[in-house]
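Okay, structure first, notes after.
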């Protein structure tokens with residue numbers, strides 16, 4: 001199986017093509033950016049596809065990060081993944097950003113509690129924790145930083161993700177033993193591909209994975225009464 005993976009959910013625009021059984025992607029590119037994913041993704045996909053025999057037409061599946069993450073970024077990546085999958089006649093699967101951040105730590109055989117935290121702003125994080133081996137301890141959720149720290153117990157815990165430093169600072173003050181992972185603030189695109197390869201297209205749907213409601217709210221103060 002040959003999988004095309006796409007990630008525009010957080011602070012990077014990334015894509016790779018991974019063959020089943022291969023240790024590393026056959027082609028990969030990642031651009032660190034907070035904005036501009038829509039403009040960067042299509043030419044990036046063209047470059048990645050050009051590096052393998054058969055190009056994008058040779059893929060068997062598309063995997064894409066579905067969140068939590070930037071509303072605009074998620075839409076860009078998911079739309080592109082669906083378009084490529086439709087053009088190539090292959091299935092597309094969704095991979096959560098939290099799972100992609102945790103996957104390399106689980107695979108490393110780490111024996112401590114593992115937690116991923118993505119900055120949700122306003123003193124909140126998107127948070128997930130797993131035990132060694134990947135068993136879920138805290139399901140993906142949107143919560144305050146202090147609440148996340150309470151789930152860590154006394155540690156020790158390995159933290160990853162864009163809000164790892166924020167959670168670590170609060171945890172240290174609370175006396176929790178923490179270790180910061182050396183991983184980047186965004187998922188390793190190769191792990192998005194690996195998780196996508198193992199996913200079931202019937203259940204891992206390529207649609208946005210939201211853990212909180214939208215910031216925008218209807219304005220009631222100036223609403224005109226209907227007749």
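Just so it is clear, none of the values below were taken in a lab; they were calculated from the coordinates. Predicted, not measured: the structure shown is a model, and the values here were computed from it. Cβ placement follows ideal geometry from the backbone for every residue including glycine, while neighbour counts extend to all protein chains displayed.
Values computed for the structure shown
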quantity	calculated
Sorted by Cβ density within 10 Å, fewest first, the residues 160, 72	72, 160
Relative packing of 170-177, 148-155, which averages over residues the other C-beta atoms within 10 Å, highest first	148-155, 170-177
Residue 165-residue 23 FRET efficiency (beta carbon distance; Förster radius 30 Å; 0.05 resolution)	0.50
Residue 207 versus residue 107: modelled label distance in nm, points set 7 Å from Cα along the beta carbon direction	2.9 nm
Beta bridges per DSSP with both ends in the chain, % antiparallel, nearest 5	60 percent
Whole-angstrom gap from the range 140-194 to the range 15-35, using each part's C-alpha centre	24 Å
Intensity falloff of the chain expressed as log10 I(q)/I(0), Debye formula with alpha-carbon point scatterers, at q = 0.12, 0.17 Å⁻¹	-0.65, -1.13
Gyration tensor (alpha-carbon) shape descriptor, the range 98-180, a/c threshold 1.5	oblate
Prolate/oblate/rounded call for the range 1-119, Cα gyration tensor, a/c under 1.5 rounded	oblate
